[in-house]
Amino acid sequence: MAGCADVNDPHERLIDREAERAVCGSILVDPDVMLKLAGVLAPGDFTDERARWVYHAALRLYQEQQPIDHVTMCAQLERDKHLHEAGGAAFLSELVLATPHALHAESYSDTLIRLSTLRGLVQVAGQIAKIAYGANGQGTAAILEQVRKLVDGVTPTTSTDEVLLWMDSLERFVLAQLARTNAQADIEAGKARLALTLPWQRTLERFKLKLRRGTLAMIVAGSSIGKTTFMECCAEWWAQRGYHIAFFHLELSHQTMLDRRMSRLANVPIDQVESGLLDERTERATKAMRAYTGGISYVHCPGWSARQITSKARELHAKGLCDVLIVDYLQKLRLWHPRGSTKNDGLADAAEVVKVCCEQLGIACLMGSQTNRRADDAARVTAAHIRGSGEIDEKANITITLNRDILVASMNGDQYKAGERSPILDVRIDKNTMGPTGECQLLIQGGRFLIVELAQEQEEDW
């Protein structure tokens, strides 16, 4: 479309007056196009003054749920005291005659938004240069924040991952319902996987715990209680069922993770595994793991930040290796907290970075978290005992706290001695956005790094 007066004038290259008038003509020909334009196109996107006032009048009528036609538009322009500036009734008739149909209204609108954005960038470019020249030792982060605000100010408002506009939301819901119907049919036909459930279903069934896409579940416990074991058991349960897990461990080495896994799945004490044992038990366990339809990628990442972890998670996800992200554990992350903020702020920021990544990728996340010192004297460990709690707990969709009492007397003969941790794992579902909360108990076999149902020695599926 040749809508520019002088292509040699840089400013004119960012203007398309014909597209501006075509938008207004489209509205007069078919007022329903306002359903798609009202949320994204603003009067400020027009450079032609007459077209701007016409669109402004149409927008007012649309917002007030009034009909849009030649008569109502003239009346609205009169109320706005712009009928004369807009060219009167004759200009409206001219727009209709120049626009035989409204089929390309959205295309014209996209053109106006693009050009308006470019003009805005030209305007802020001078301000950005001023900020850069006048930095005077100001920190890079502060300068970039000022620049970002200027650029964000000219960013067009459209439906994106961050912003879902009203009319788009109605259409998206219908499409989502159709997708859900198809997904349910696939599930019933055995062609699709359900949302992530946890092992120990007989014990946890009443809590309706499911990790959906974008879900962040916190596993909270003190040292040597079993949070890593809990997450390892979940990872293997999911891998066995076809999911690909990216397990980021900031403390334990690769070899330690593999030794614990073999001890758990082959029913061999860890010291025998570490001695170099290879027998029929380890062979059977290895064969069983080869049959998993999913798998686990172990990422040893001591000293990594949340941003480094999410960057690697995105890379693994792109390769089909990250349906679930596991981070062991939050307080081991290298934190980012600028001057004036606290370590707790850094922990909250790390949790937010991981959660946002999972929401964007559409994956679930299991994150371990250490308890604070107050938990040692508490009768019952809750989410309030997360080290650096507050914002961290608020970001989680599910919070599960684990605890094991110190035995005052021996248990099972001399298998568990007084003064040692009980093998009974107290599990508290402290937060559950999609189901009930409450308490239950599991059995942890510490020597094998395995958690099972209390009612049996070993879950059949393991």
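The values are calculated or read from the model by the stated rules, or taken from the named source; none is laboratory data. Quick caveat, the model's predicted, so the values are computed rather than measured. A quick note on method: Cβ atoms are made from the backbone with ideal geometry, for glycine too, and the neighbour counts reach across all protein chains shown.
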Would you pick out the residues in the range 122-138 that are free of Cβ contacts under 8 Å to residues at least 60 places away in the same chain and in a helix (DSSP H, G or I)?
123, 124, 125, 126, 127, 128, 129, 130, 131, 132, 133
Evaluate the following for residue 67: is it closer than 30 Å to residue 12 by Cβ and either among the β-branched types (Val, Ile, Thr) or in the same structural domain as residue 12 (by TED's automatic domain parsing) (or both)?
no
Please verify whether residue 335 is in contact with a helix residue (DSSP H, G or I) (Cβ under 8 Å, 6 or more places away or on another chain) and surrounded by fewer than 22 Cβ atoms within 10 Å (Cβ to Cβ), treating the condition exactly as stated.
yes
Could you check, for the range 138-146, whether at least one of its residues is among the acidic types (Asp, Glu), out of contact with any His (no Cβ under 7 Å at 6 or more places or on another chain) and at pLDDT 75 or above?
yes
Yes/no for residue 65 being of a type outside the set (Gly, Ala, Ser), surrounded by fewer than 18 Cβ atoms within 10 Å (Cβ to Cβ) and more than 22 Å from residue 33 (Cα to Cα):
no
So, first residue touching a residue at least 12 places away in the same chain (Cβ under 8 Å) in the range 306-326, second residue surrounded by fewer than 19 Cβ atoms within 10 Å (Cβ to Cβ) and polar (S, T, N, Q), Cβ within less than 8 Å, six or more apart or across chains; the pairs are 316/297; 321/297; 322/297
Output the residue which, of all residues in the range 98-113 that are touching a residue at least 24 places away in the same chain (Cβ under 8 Å) and part of a helix (DSSP H, G or I), is surrounded by the fewest Cβ atoms within 10 Å (Cβ to Cβ).
98
Among the listed residues 60, 119, identify the single one that is in contact (Cβ under 8 Å) with a residue 24 or more places away in the chain, within 37 Å of the chain's Cα centre (by Cα), outside any loop (DSSP other than H, G, I, E, B) and surrounded by 13 or more Cβ atoms within 10 Å (Cβ to Cβ).
119
